Amino acid sequence: MYLLIIPLLVTSCSGHRLNYDKGIIPPVPVNFASVNSMHDDYNSNLQISWTEMTFSLVFSSNRNSFGEDFDFVSYGGHIFYDLMSGEFEMRTISKAFGLLDAVNSENNEFGPYFTADFPYYFPWYKEGEDRRFFYSSDPDGNLDIFCCGYNFGDGEFLASGDPFAVTPLNTEFNEGYLSIHHDAIASRETAYFMSDSDGSYDIYSAVSEEGKLISESTVVTVARSPVLSSSADDKCPYITGNVMVFASDREGGFGGFDLWYSVYGSQGWSAPVNMGDEINTEYDEYRPFVVPTGSWYLNDLMIFSSNRPGGKGGFDLYYVGVPKR
Amino acid sequence: MKRIILVLMLVMITDLMAMPQKTTRKSVFGVTSGISIPFSEFANDRFTWDAGFAAPGPGIEAEYLYYGKIFGFSSSVGYASLFFNEKGYLAEYDRTMNGYGVNEITAGNYQVMKFLVGFTLKVPEFSNTEIMLLFNIGYARSIHPDVRVTNSELGVINSMKRDGGGSPAVSAGLKINYWLNDRYGLSLKGSLDNTRPAFFDATATDGFFFMPIDYASINIGFVMNLNTPEL
C-alpha cells in the first residue's frame, strides 16, 4: 500500500490552472454598495496602487449633514480579483484623511482631483513629486476652483499648507471639476474644467504660464473647447492619458446626463462619443473618472455616479470596466 | 469501495497461504479498448481550483500478465484521449461574465499515456473464468490541450498552449477473463487511474500548475495465453 501512497505524496504540490489570463473589471456597472448611503454620493476620485491592490477613495456626499451641504468623505480599500473564478471585488473601510479635514467646510465641496498617483508603500520613493489636490467649493454662492497641497504620511493624505483659490480660473459664475491634461504642451500645464460663464455649462481649457503650474500662474489662457462643448450642459471633465470622460445632457444620449468620452490626437480632441447603453440610462450619470489598470487587467476601471433605480438612494457610486482606449 | 478491496485482498492472501500455487502458470498478453471516464475534480465543470472540465473519451490498453493460481505479475501500457468539456467551460464564462459579449472556446483533448507495472491477486479459475485485482504503479505522460477563450468585446481572455507533463501514476483495477479455450479468451476490465502532472502556462501566476487527473476506464478485449504447449 505504501507503494501506492508514495507517488501521491510526491506530486501533492500547489499550483492551479487559471481561467483568466488577466483581470476583468465587470463590464456592466456595479453599485459600489460598501460606500454608498441613502443620501447623494458622487464626484469621486480614486487613488490606486495596482502593485499592492490598495486604493483610497474620496467623494462628495451630503450624508454627514443629512442631505444639506456636500463634504468630502473617504475610504480605504483593497481590490480583489480571482483569476480562477473571475470574481472582482472592491472591499472598503471608512478612513479619515487629514487633507479632507483641511478642505471640508460648511459650504459644498465637489470634484476632487489628485495630481499624483497613489503613493507606494515606501512614501519616500516618490518624494518631491507634484502633489496637489484640486476641488471646487462655493463659499461665495458660486463654485470656484481651489487647490491644496498634500503629502502622504502614516497611511493617509495630509494637507501641506492651506487651501487657496485658483484665482485666474475663477469668475462670478460656476467653475469646477479641474483635471490636468499632462504633457499636452511642453513647459506649460494644461487643465480642463467646467464653467457656466457662457450661460450653459461648457468645458474649458486653461494653459499656465511658461514654466509654471496652473496653480502657480497669475495669468492663465482660458478658452472654451468648441469640440467638447455643446449647447446643452457639459460637465465634470476628467482626463486619463489622452482620454477625457465627462457628463453631458446633449442630444444623442439615453436621457438625463449621460457619460461621453473623447480621445486626444494629433488633431486635438475627437468628437465626443456616448459610452453606450451598458453604462448610460434614462437617469443621470455623472462625474466619471477612469483609472488605468496597466497590464493587470484587460479593461480600465471607471467610477461614476448615477441616480438610477436600484441604488441606496439619491446618487450612488458605481464602478464598471471600460475598454482601454 | 476501499473496504471491499481490503476484504478481497485479505481473502486472497489467506487463500494464498492456505493453497500454495500449483505450477499451472499463465503468461498472458491482452489488448482491450473502451471508454475512459473522468471523475472527481478532473471532471468538475465549475470554476473550482482543480477543475479539469474533462469529458469521457476513448481509451486503449495492452497488458502482459504472468500469474499462477492466485498471485502474479502485471504490466500495462495504456492510452486515453479525454475530451475537453467545451460546453461546460463556455457556460462558466457566460456565468462569470454576466452575459457580457459573446464567448467562444476552442480546445483540444487531454491525452494520457501510462506505463505501469504491479501485481495481481486473483481467485482460482472457475468455469473458465478468472477474476483478478490489479495494483499498478508507474509513469504517465499527460498532455494538456490547447485552450483559447475569446470574448467578442474584450478579445482573448484565456489562452493556454498545448503542453505535456510527466508524473508518477497509480492504478487499481478489476479484470475478468473468460477463456474460450486454452489459448484465447475474452476480457473485461475496469480500472481507476490517477496521475498529477505539471503543465506550463505562460499566463499562470507561477508559470505552471498541477492538474489532478483521475479517470475510470472500462475496457473489453481479448487475452491470449502465451504459455500453451502449442506456442
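The values are calculated or read from the model by the stated rules, or taken from the named source; none is laboratory data. In this text, all values refer to a predicted model and were calculated from it rather than measured experimentally. Here the Cβ is made from the backbone with ideal geometry for all residues, glycine too, and neighbour counts use every protein chain on show.
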Exercise for the section: Identify the single condition in (1) out of contact with any Leu (no Cβ under 6 Å at 6 or more places or on another chain); (2) of a type in the set (S, T, N, Q); (3) crowded, with 21+ Cβ neighbours inside 10 Å that B:Thr203 does not satisfy, given that it satisfies every other one. Expected result: (3)
Exercise for the section: Count, please, the residues in the stretch A:65-86 that happen to be surrounded by 15 or more Cβ atoms within 10 Å (Cβ to Cβ) and not in a strand (DSSP E or B). Expected result: 7
Practice task
Can you tell me which residue within the stretch A:220-234, out of those that are in contact with an Asp or Glu (Cβ under 6 Å, 6 or more places away or on another chain) and in a strand (DSSP E or B), is farthest from A:Pro272 (Cα to Cα)?
Solution key: A:Arg224
Completion exercise
Exactly one of B:Tyr100, B:Tyr79, B:Tyr89, B:Tyr64 is of a type in the set (Phe, Trp, Tyr) and part of a loop (DSSP other than H, G, I, E, B), and that one is B:Tyr100
Problem - Members of the stretch B:150-164 found to be in a strand (DSSP E or B), buried (at least 16 other Cβ atoms within 10 Å of the Cβ) and either within 8 Å of chain A (Cβ to nearest Cβ) or free of Cβ contacts under 8 Å to residues at least 40 places away in the same chain (or both), listed by number - result: B:Ile157, B:Asn158, B:Met160, B:Asp163
Practice task
Using the structure shown, decide if B:Thr106 is outside any loop (DSSP other than H, G, I, E, B), more than 23 Å from B:Ala198 (Cα to Cα) and of a type in the set (S, T, N, Q).
Solution key: no
Practice task
Could you tell me whether the stretch B:132-143 includes any residue that is more than 13 Å from every other protein chain (Cβ to nearest Cβ) and touching a Gly at 6+ places or on another chain (Cβ under 7 Å)?
Solution key: yes
Exercise for the section: From the list B:Phe53, B:Phe47, pick out the single residue that is within 14 Å of chain A (Cβ to nearest Cβ), at pLDDT below 95 and buried (at least 17 other Cβ atoms within 10 Å of the Cβ). Expected result: B:Phe47
Handout entry: Sole exception among (1) modelled with pLDDT of 95 or more; (2) surrounded by 21 or more Cβ atoms within 10 Å (Cβ to Cβ); (3) small (Gly, Ala, Ser) for A:Gly321, by number
Key = (1)
Exercise for the section: Mind listing just one residue for me: the one in the stretch A:275-323 that is of a type in the set (A, V, I, L, M, F, W, C), farther than 18 Å from B:Gly155 by Cβ and in a loop (DSSP other than H, G, I, E, B) and, of those, farthest from the other protein chains (Cβ to nearest Cβ)? Expected result: A:Phe315
Problem - Residue in the stretch A:208-229 that is farthest from A:Asp130 (Cα to Cα), counting only those that are of a type in the set (Ser, Thr, Tyr) and more than 23 Å from the chain's Cα centre (by Cα) - result: A:Thr221
Practice task
Would you tally the residues in the stretch A:93-107 being free of Cβ contacts under 8 Å to residues at least 60 places away in the same chain, surrounded by 14 or more Cβ atoms within 10 Å (Cβ to Cβ) and not in a loop (DSSP other than H, G, I, E, B)?
Solution key: 1
Exercise for the section: Could you tell me whether the stretch B:111-119 includes any residue that is surrounded by 22 or more Cβ atoms within 10 Å (Cβ to Cβ) and either within 16 Å of A:Asn19 (Cβ to Cβ) or of a type in the set (Asp, Glu) (or both)? Expected result: no
Fill in the blank from the handout: A:Gly265: passes all of (1) over 20 Å from the mean Cα position of the chain (by Cα); (2) under 20 Å from A:Tyr113 (Cα atoms) but (2)
Exercise for the section: Of the numbered conditions (1) more than 30 Å from B:Thr32 (Cα to Cα); (2) surrounded by fewer than 17 Cβ atoms within 10 Å (Cβ to Cβ), B:Ile105 fails exactly one; give the number of that condition. Expected result: (2)
Handout entry: Residue in the stretch B:135-149 that is among the hydrophobic types (A, V, I, L, M, F, W, C) and surrounded by fewer than 15 Cβ atoms within 10 Å (Cβ to Cβ) present
Key = no
Practice task
May I ask you to say which residue of A:Val227, A:Val263, A:Val222 is surrounded by fewer than 20 Cβ atoms within 10 Å (Cβ to Cβ), in contact with a helix residue (DSSP H, G or I) (Cβ under 9 Å, 6 or more places away or on another chain) and more than 29 Å from A:Gly86 (Cα to Cα)?
Solution key: A:Val222
Practice task
Test B:Ser167 against the stated conditions and say whether it is of a type in the set (S, T, N, Q), assigned to a strand (DSSP E or B) and within 12 Å of chain A (Cβ to nearest Cβ).
Solution key: yes
Exercise for the section: Only residues in the stretch B:92-112 that are more than 8 Å from chain A (Cβ to nearest Cβ) count as the first member; pair them with residues that are crowded, with 19+ Cβ neighbours inside 10 Å and aromatic (Phe, Trp, Tyr), Cβ under 6 angstrom, at least 6 apart or cross-chain, and list the lot. Expected result: B:Asn103/B:Tyr93; B:Ile105/B:Tyr89; B:Ala107/B:Phe84
Exercise for the section: Examine the stretch B:178-191 for a residue that is in a strand (DSSP E or B) and within 13 Å of another protein chain (Cβ to nearest Cβ), and state whether such a residue exists. Expected result: no
Practice task
May I ask you to verify whether B:Leu121 is more than 14 Å from every other protein chain (Cβ to nearest Cβ), touching a residue at least 12 places away in the same chain (Cβ under 8 Å) and part of a strand (DSSP E or B)?
Solution key: no
Handout entry: Conditions (1) under 22 Å from B:Val156 (Cβ atoms); (2) at pLDDT 95 or above: number failed by B:Val112
Key = (1)
Fill in the blank from the handout: The lone condition A:Phe133 fails out of (1) crowded, with 23+ Cβ neighbours inside 10 Å; (2) modelled with pLDDT of 95 or more is (2)
